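Below: one structure, written as structure tokens.
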Amino acid sequence: MGTGTRYRWVVLAVGTAAQAATATYFLGLAAVTPALRDHFGLGLAAVGTLIGAISVGLVATLIAWGGAADRFGERGVMTVGLVGAAVALGATALVPDPVVAGLLLLLAGASGASVNAASGRAVLTWFPAERRGMAMAVRQTSVPVGAALAAVALPQIAGAGGIPAVFVALALTCLVAAGAVAIWVREPPGRPARGTRPATSAMTVLADRRLLRLSLAGLLLVVPQFLGSVFLVEVLHEGAGLPLGLAGGLLALTQILGALGRLGNGVWSDRVASRLGPLRVVAVASAVGFAVAAVLEPGPAPLLAAVLVPAAALAISWNGLVFTAAGELAPPDRAATAMAVSNTANYVAAAVTPALGGLVAEVAGWPAMLAMGAVAALGAFVALIRLAEPVAERSASA
């Protein structure tokens with residue numbers, strides 16, 4: 001028991017690092033949108049579509065990866081996916097055509113989906129419910145932390161070697177993560193042998209109305225999350241006139257604050273034995289923050305940044321709560337499938353939001369785009385009203 005208790009932290013650390021590696025291109029590419037536009041000759045809506053192609057790939061494969069993780073375990077699933085992402089990203093460095101680049105990014109997203117499903121299952125199987133919110137929060141901080149590191153590093157890499165160098169760096173990051181997973185991730189003691197078919201039907205999970213409502217709330221909360229992450233640099237630089245370097249630094253700060261928010265929300269949810277209560281509070285606070293930012297834009301850049309940065313950080317902080325609740329709603333042998341269903345809804349929104357947000361900004365201006373985020377967050381709160389709390393088992397398998 002002692003060895004298993006200690007080793008769960010190794011699994012959590014490696015799973016967190018693997019998720020951070022995928023976040024460097026899921027969200028980190030937003031830090032070089034001006035360079036992407038110049039390299040491929042794209043407008044706002046088109047560059048949003050290019051970045052959104054990554055999420056399209058996830059949507060198409062996430063549930064299949066979840067089923068594979070439930071049956072075959074995390075290590076093989078994540079290793080194969082990370083190697084596939086590295087190959088796709090490396091190939092993107094070689095192509096000048098935006099359509100081909102979009103197809104390769106779609107493939108990178110499809111491969112990276114393996115990590116989204118499998119690393120979450122690892123947390124649920126290794127950690128007891130009373131520590132699961134905190135552990136899942138640590139795992140989920142990998143997304144904003146990976147994006148923050150990318151926000152700092154990728155503009156420098158783009159400045160030195162152009163967009164091809166950016167994609168080479170992202171490919172190498174995924175290869176290193178694949179090696180770590182292959183060496184250190186394993187199943188907890190007492191789990192069924194790899195290759196054992198789960199006893200619960202996947203359709204039972206897909207038809208769970210509670211999971212579908214939770215997934216709808218997550219889908220809506222992705223809208224302000226991605227509007228803030230993808231377009232914060234553009235709003236503050238192009239809309240408010242801040243220098244590009246400062247705007248990029250504020251994007252990094254937003255991701256760091258979002259990571260801290262995920263940790264705080266995870267600990268909070270463990271202490272109150274509730275995932276949905278904190279989630280409702282975050283949804284309302286995000287709606288208020290984006291609404292105020294919409295009123296302030298255009299306005300004094302420091303004031304707008306002072307409102308938009310914390311609002312965007314709040315919009316990042318909720319994911320661990322939804323992810324944990326989804327896994328706890330499912331039978332133990334279908335946790336990855338349930339989390340994949342929830343994440344599929346998230347990435348449907350992630351695929352659509354950048355392009356739609358860019359289009360709204362082009363047609364109606366930045367205030368309308370920010371108001372769109374506020375309305376979506378309020379809709380998530382409505383979806384969560386009277387949704388029953390999942391009942392989690394109180395001990396882990398390890």
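Looking at ALA178, ALA193, ALA169, ALA151, which is the one that is modelled with pLDDT under 80, under 28 Å from ALA13 (Cα atoms) and hydrophobic (A, V, I, L, M, F, W, C)? Working first, answer last.
Working: ALA178 fails: modelled with pLDDT under 80; ALA169 fails: modelled with pLDDT under 80; ALA151 fails: modelled with pLDDT under 80.
ALA193 is the lone residue from the list that is modelled with pLDDT under 80, under 28 Å from ALA13 (Cα atoms) and hydrophobic (A, V, I, L, M, F, W, C).
Determine, yes or no, whether GLY73 is closer than 27 Å to GLU187 by Cα and touching an Asp or Glu at 6+ places or on another chain (Cβ under 9 Å).
Details: closer than 27 Å to GLU187 by Cα: yes; touching an Asp or Glu at 6+ places or on another chain (Cβ under 9 Å): yes.
It is true that GLY73 is closer than 27 Å to GLU187 by Cα and touching an Asp or Glu at 6+ places or on another chain (Cβ under 9 Å).
Kindly establish whether VAL99 is in a helix (DSSP H, G or I), over 21 Å from PHE127 (Cβ atoms) and modelled with pLDDT of 90 or more.
Numbers: in a helix (DSSP H, G or I): yes; over 21 Å from PHE127 (Cβ atoms): yes; modelled with pLDDT of 90 or more: yes.
Taking the combined requirement at face value, the residue satisfies it.
Quick one: what pairs do we get from region 241-256, first residue at positive phi, second surrounded by 14 or more Cβ atoms within 10 Å (Cβ to Cβ), C-beta under 8 Å, 6+ apart or different chains?
Correct list of pairs: GLY241/ALA301.
Determine which member of the set ALA326, ALA336, ALA349, ALA355 is within 27 Å of GLY109 (Cβ to Cβ), touching a Lys or Arg at 6+ places or on another chain (Cβ under 6 Å), in a helix (DSSP H, G or I) and modelled with pLDDT under 90. Lay out the reasoning, then the answer.
Details: ALA326 fails: touching a Lys or Arg at 6+ places or on another chain (Cβ under 6 Å); ALA349 fails: touching a Lys or Arg at 6+ places or on another chain (Cβ under 6 Å); ALA355 fails: touching a Lys or Arg at 6+ places or on another chain (Cβ under 6 Å).
When all the criteria are applied, what remains is ALA336.
Please find, among PRO310, PRO298, PRO302, PRO278, the residue that is of a type outside the set (A, V, I, L, M, F, W, C), surrounded by fewer than 16 Cβ atoms within 10 Å (Cβ to Cβ) and either outside any helix (DSSP H, G or I) or within 20 Å of the chain's Cα centre (by Cα) (or both).
Details: PRO310 fails: surrounded by fewer than 16 Cβ atoms within 10 Å (Cβ to Cβ); PRO302 fails: either outside any helix (DSSP H, G or I) or within 20 Å of the chain's Cα centre (by Cα) (or both); PRO278 fails: surrounded by fewer than 16 Cβ atoms within 10 Å (Cβ to Cβ).
Just a single option satisfies the conditions, and that option is PRO298.
The values are calculated or read from the model by the stated rules, or taken from the named source; none is laboratory data. Quantities reported herein were computed from a predicted structural model and do not represent experimental measurements. Because the Cβ atoms are built from the backbone with ideal geometry, glycine has one as well, and the counts that use them run over all protein chains shown.
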